[in-house]
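Taking it in order: structure first as structure tokens, then the write-up.
Since every read-out is calculated from the coordinates, none of them should be taken as a lab result. Quick caveat: nothing in here was measured; it's all calculated off a predicted structure. Heads up, the Cβs are rebuilt from the backbone with ideal geometry, glycines too, and the neighbour counts pull from every protein chain shown.
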Amino acid sequence: MSRSNRTSGHPSSPLSRRRFARLAGAAAAVSFVAAPFVARGQAAGRVVVVGGGFGGATAARYLKKAAPELTVRLVEPAARFVTCPYSNLVLGGWRELESISHGYEALRDRWGVELVRDEATAIDTAARRVRLGGGDSLIYDRLVIAPGIALRAPEEGGIEGYDAAAHARMPHAWKAGEQTLLLRRQLEAMPDGGLFVLAAPPNPFRCPPGPYERASLIADYFKREKPRAKILILDSKETFSKQPLFQQAWARFYGDMIEWVSLAADGKVVRVDAASGELETEFGTLHRADVANVVPPQQAAAIARSAGLADASGWCPVDARTFESRLAEGVHVIGDSAIASPMPKSGFAANSQGKTAAAAVIAALSGQGQPQPAWVNTCYSHVAPGYAISVAAVYRAGASGIEAVEGAGGTSPLDWDDANRKLESAYADGWYDSITADMFS
């Protein structure tokens, strides 16, 4: 029986999901509890965390939770964090941006994390110093860096013509916030009968199911408000995450509104003209979009690359047990910038890695042995109102690096009934509320 049709023991069935949740919680706890609580009261030092997203906020919170004597400084220029997860619901008109925006006050007031409202502009890994945009510097004993992604510019292997100026005409919305609102306004202004083109990036990239959930929720908006509109997905890949589940749902809910074009069928976008709304594919086919959402190839954030933490791939190699950089001692790289395959670049993965990094930092500062970590990841995707799908996996550190635990995950079954799809939708909302509370409360 194929993996996508397997129901026995699958984490998405109501009974086994409860068992899976317990196992997942235990797996995530291994990466955090084993060392820190042995070391409680023994760790001391200065830890700087760069980036206040899923990985960085989690690391800062758990560092102070387990070792209150640590000085933990979180460097983040934004006053509020807008999550990429659930930003597609804003595009579909299901949520407002404020509902996915989170402040850092609890990290400061409840946990004692020092908030540094500034941008990290340079890292001297030899001197263990982080330089800030305002001119100050922070000295660290251990550094956790969770800076997220950078979009590749044309000269860095990106898409010809998709420069910074083009972002305002063909928004990527792959960093949630103003870009999300810009794309939403463009969708609202698009005429009924217009064409929305989504250019999906090659692997690896942030949130593998993200472009396809986005197309789904925009299709739901069009179905309600612009029923003659069309969606064209031009893809730089041959397959995508949860593909059979997405395509089954598209056929059911949206008919022929969504067309997906694979790499082999000339789906790779190589050039754009933002002024005309034109996208050119690898074999020279031109598409004229009324609204274009271009998600270009990606790499580790600039601060990670300039600090010498990335290799030739543009991503940051790390030790599988500790997420310490393989290129700089005392620096832990977590979240989207890290090379953590087969773990996806997802918010849930970054949250798990933040706990691993916290455990590793405290163990190193207190002279304790490093724990043997495990991680869990679940990626939910809303496809239509009251209808969601998921993929889940558990990972462990093995001899060759991070390994997926065989038989511990899978996707939602195909041909599931509406009651279970509705449960998946409720689980997705519960996951979002739980993980953001874990980070920011």
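General remarks:
- DSSP beta bridges fully contained in segment 154-297 are about 30 percent antiparallel.
- Relative contact order, percent, the chain [alpha-carbon distance under 8 Å, six or more residues apart]: 22 percent
- Amide H contacts under 5 Å for residue 150, placed H, 5+ residues apart: 299, 300, 301
- The 3J(HN,Hα) values that the Karplus relation (6.51, -1.76, 1.60; θ = phi - 60°) gives for segment 183-194 are, in residue order, 5, 4, 5, 5, 5, 5, 7, 5, x, 4, x, x Hz. Gly and Pro appear as x.
- Rounded to 0.05, the FRET efficiency of the residue 225 and residue 139 pair, given R0 = 60 Å and the Cβ-Cβ distance, is 0.65.
- Gap separating the Cα centres of segment 236-252 and segment 159-209, nearest whole Å: 20 Å
- Model label zone, residue 418; criterion: amide N under 14 Å from point 7 Å along Cα-to-beta-carbon; scope segment 225-252: 252
- Under-22-angstrom lysine pairs by C-alpha in the chain, whenever the two are 8 or more apart or on separate chains: 15
- Pairwise FRET efficiency - residue 406 versus residue 164, Cβ, R0 = 45 Å, nearest 0.05: 0.55
- Hydrodynamic radius of the chain by the Kirkwood approach over all distinct alpha-carbon pairs: 22.3 Å.
- Using C-alpha pairs below 8 Å separated by at least 6 residues, the relative contact order for segment 297-435 is 17 percent.
- Cut-off under 5 Å, modelled amide H: who pairs with residue 119 long-range: 133, 134
- Cα centroids of segment 361-403 and segment 414-441: 17 Å apart.
- Percent of beta bridges antiparallel (DSSP, the chain, rounded to nearest 5): 55 percent
- Gain on full extension, evaluated as 0.36 nm per residue between residue 69 and residue 185 minus their Cα-Cα distance, stands at 37.0 nm.
- Each residue in 121, 356, 83 was given a count of other beta-carbon atoms within 10 angstrom of its own, and listing them fewest first yields 121, 83, 356.
- Taking 0.36 nm per residue of sequence separation and removing the Cα-Cα distance, the residue 313/residue 275 pair yields an extension gain of 10.5 nm.
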